[in-house]
Amino acid sequence: MEPILSGAFNQFNEAADQLKLADEMRAYLTSFKTVFQTQFPVEMDDGSLKMFDGIRILHNTARGPSKGGIRYSARVSLDEVKALAMLMTWKCAVVDIPFGGAKGGVTVDPASMSPNELQNLTRRFTSEIIPIIGPDKDIPAPDMGTNPQTMAWMMDTYSMTQGYTIPGVVTGKPLALGGSEGRFEATGRGILNVIEEHLRAEGGIAGRRVAVQGFGNVGGIAARLIHQAGAKVTHISDKDTALYHRDGIDAAAAYAFVAGGGTLAAWREQFGRDVEVVDGPAVLAADVDILVPAALESVLTEENAAAVRAPLIVEGANGPTTTEADAIFRERGIVVIPDILANAGGVTVSYFEWVQARQFQRWTEERVNQELGRIMARAYQAVSARCPIGSPGCTLRQAANWVAIERVVEAVSLRGIYP
Ligand code: NAD
C-alpha cells in the first residue's frame, strides 16, 4: 500500500478509535463503492494510437452523489486516487454539503500532449466513465493537470451521448458554460473565512503578520485577500522565489502581476525593489502570527517542524503537514486548521455551481461569497465546538475528522443496508 493511502487509513482509524466505531462501520468506511479502471486508446497527432490508464473511484455516497476532481499526472496510481476519494468524503461532510467523495485520474503528463491530443484523451476517458458519472451520481471537477477547458470537453461529451446539454455533470466549467462566479477565488476566500472565524474572539485578522507558501490559485488568492483584509503579508513565495518585507508586501499587486502571466521574481524586479529575496525554507520558519502552506503536500516535516515560529498554521494545500510534524506542533501548542476544513471553499462553490446548473440559475458573485462565508463559518464552528481553543486533549484536525466521520456514519445508519 502506498504511504498516501496508509496515511488516510491511519487518520481514519485514529478517529474511529476515538469515536469507538463498530468494526462493521470501519470496514464499510474503509471500502470503496466503485473502483473503475480502464485502459483506452487515443489517436495522437501523428496518426498513431497510444494506450492510457484511467481510474475513477467513488468512496462513499451515503450523503449524496459523489464529488471529486480528475487529475492528469504521470504519477496517478490506484492508491493515490483511493486516498483522495476518501479525503473528499470527509471534506464534503465537514462543510456539510450533500455530496460523497470521489476522485479520478489518467496516467499522463499533460505537458507532453498537444491541445488536440488532450481533447481526444478527455473525450475518450469521459465516454469510458459515462456509466459511473452523472449529475445525480458522480460529478467530476478539475484537479492537478486539468482545467475549465477539460471540464467543457467532459460536459460536451457526456451531453452528446444523452442528446441534450447537461451542465450539472461536472463543475469547474468556464463561466460561459455555467461555471460559477467566485469559483476561481473560492479556495483562497475560504481560507480567509476560516482564519477570520478562528480569530473572531481575538480581535480579528487586521494587523496580523502572515506568511504564505505558494502563489497559485490557492496561495496567491489567499495572500491577496488576507492583505486586503488588513493583515501584513510579510512573506510570499512561488517555486522559484521567496519574498519578504517586514511591513508587509502588497500581495494584491503581486497577484495581479502573476495572474497576468508574470513571476514573483519579475514582479519584484519591476515593482517591488524594497522587498527582500529570502530562502524558500525561511517562509515556513517565518516569525509571523499565521503560516499558510498553500503549495505542496508534506512540506512541514519532522526536520523543520521545530523551526516553525507561527502559533497558527492554516493548511491551504492538501496534506502539507506530515504525521510526525503534526505531533510536534501539537506538543508545541501550535494550532493547525486542517486541510479538509481550511481548503474546502473550492468544493463548496463547486456545490453552488452544481445547484445553479440543476436550476438553470446564475448567482451573483456577492451571493456566492456570502453563502461561502456562511458555510465556512458554520463548519469552523462545528469543528471548534468539538475542540475549543486551548483544549489539551484534542486538535482541530482530530475534531474535523470526528465531525466528518460522524456525519457520514449517521447517514449510513439512517439509510440502513439494502436489501
Ligand atoms: P497552483 O498550481 O495554482 O499553484 C501552486 C503554487 O505553488 C505555484 O505558485 C507554485 O510556483 C508554488 N510552488 C510549487 N512548489 C513550491 C515550493 N517548493 N515552494 C514554494 N512554492 C511552490 O496550485 P493550487 O491550485 O494553488 O493548489 C495548491 C495546493 O492546494 C495543492 O495541494 C492542491 O491540491 C490544493 N488545493 C487546491 C484547491 C483549488 O481549488 N485549486 C482546492 C483544495 C486544495
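The values are calculated or read from the model by the stated rules, or taken from the named source; none is laboratory data. Quick caveat: nothing in here was measured; it's all calculated off a predicted structure. All Cβ positions, glycine included, derive from the backbone under ideal geometry; neighbour counts span all protein chains shown. The protein model used for the area step is the full one, side chains on, heavy atoms only, and it has no ligands, DNA or RNA in it. Shrake-Rupley method; radii C 1.70, N 1.55, O 1.52, S 1.80 Å.
In table form, for the structure just shown:
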read-out: Lone unmet requirement of (1) within 16 Å of the ligand (Cβ to nearest atom); (2) at positive phi; (3) not hydroxyl-bearing (Ser, Thr, Tyr) for Gly178; value: (1)
read-out: Cross-chain or 6+ apart pairs with Cβ under 8 Å, the range 363-383 first and under 13 Å from His198 (Cβ atoms), then hydroxyl-bearing (Ser, Thr, Tyr) and assigned to a helix (DSSP H, G or I); value: Met376/Thr348
read-out: Which numbered condition Gly345 fails, given (1) more than 13 Å from the ligand (Cβ to nearest atom); (2) small (Gly, Ala, Ser); (3) at pLDDT 95 or above; value: (1)
read-out: Where a residue in the range 337-348 is touching a residue at least 24 places away in the same chain (Cβ under 8 Å) and closer than 18 Å to Val212 by Cβ and its partner, wherever it lies, is of a type in the set (A, V, I, L, M, F, W, C) and near the ligand (Cβ under 8 Å from one of its atoms), with Cβ under 6 Å and at least six apart; value: Gly345/Ala186; Gly346/Ala186
read-out: Residue that is farthest from Ala342 (Cα to Cα) [pool: residues in the range 252-283 that are open to solvent by 20 Å² or more (accessible area, probe 1.4 Å), within 13 Å of the ligand (Cβ to nearest atom) and in contact with a His (Cβ under 9 Å, 6 or more places away or on another chain)]; value: Val278
read-out: Every pair of residues 6+ apart whose Cβ atoms lie under 9 Å, when the first sits in the range 130-142 and is within 16 Å of the ligand (Cβ to nearest atom) while the second is polar (S, T, N, Q) and part of a strand (DSSP E or B); value: Ile139/Ser66
read-out: Checklist (1) of a type in the set (Gly, Ala, Ser); (2) under 19 Å from Leu87 (Cβ atoms); (3) in a helix (DSSP H, G or I) applied to Gly168, failing item; value: (2)
read-out: Answer from Gly207, Gly203 - the residue that is open to solvent by 20 Å² or more (accessible area, probe 1.4 Å) and modelled with pLDDT under 95; value: Gly203
read-out: Counted residues, the range 92-141 - those being of a type in the set (Lys, Arg), under 22 Å from the mean Cα position of the chain (by Cα) and surrounded by fewer than 24 Cβ atoms within 10 Å (Cβ to Cβ); value: 1
read-out: Which numbered condition Val314 fails, given (1) touching a helix residue (DSSP H, G or I) at 6+ places or on another chain (Cβ under 8 Å); (2) over 30 Å from Lys173 (Cα atoms); (3) more than 10 Å from the ligand (Cβ to nearest atom); value: (2)
read-out: Of all residues making up the range 13-32, the number that are open to solvent by less than 50 Å² (accessible area, probe 1.4 Å), farther than 14 Å from Glu406 by Cβ and hydrophobic (A, V, I, L, M, F, W, C); value: 1
read-out: Of all residues in the range 295-311 being assigned to a helix (DSSP H, G or I) and open to solvent by 20 Å² or more (accessible area, probe 1.4 Å), the one that is farthest from the ligand (Cβ to nearest atom); value: Ala306
read-out: Meets criteria (in contact with a strand residue (DSSP E or B) (Cβ under 6 Å, 6 or more places away or on another chain), within 15 Å of the ligand (Cβ to nearest atom) and among the aliphatic types (A, V, I, L, M)) for Val233; value: yes
read-out: Matching entry among Val336, Val292 (being closer than 18 Å to Lys91 by Cβ, open to solvent by less than 20 Å² (accessible area, probe 1.4 Å), outside any helix (DSSP H, G or I) and away from the ligand (no atom under 13 Å from the Cβ)); value: Val336
read-out: Residue pairs meeting the criteria (Cβ under 6 Å; at least 6 apart or on separate chains; first in contact (Cβ under 8 Å) with a residue 40 or more places away in the chain, in the range 273-299; second open to solvent by 90 Å² or more (accessible area, probe 1.4 Å) and more than 10 Å from the ligand (Cβ to nearest atom)); value: Asp287/Arg309
read-out: Selection within the range 220-236 - open to solvent by 20 Å² or more (accessible area, probe 1.4 Å) and among the hydrophobic types (A, V, I, L, M, F, W, C); value: Ala229
read-out: Test set (1) within 21 Å of the chain's Cα centre (by Cα); (2) closer than 23 Å to Leu49 by Cα; (3) hydrophobic (A, V, I, L, M, F, W, C); (4) within 15 Å of the ligand (Cβ to nearest atom) - Met154 fails condition number; value: (4)
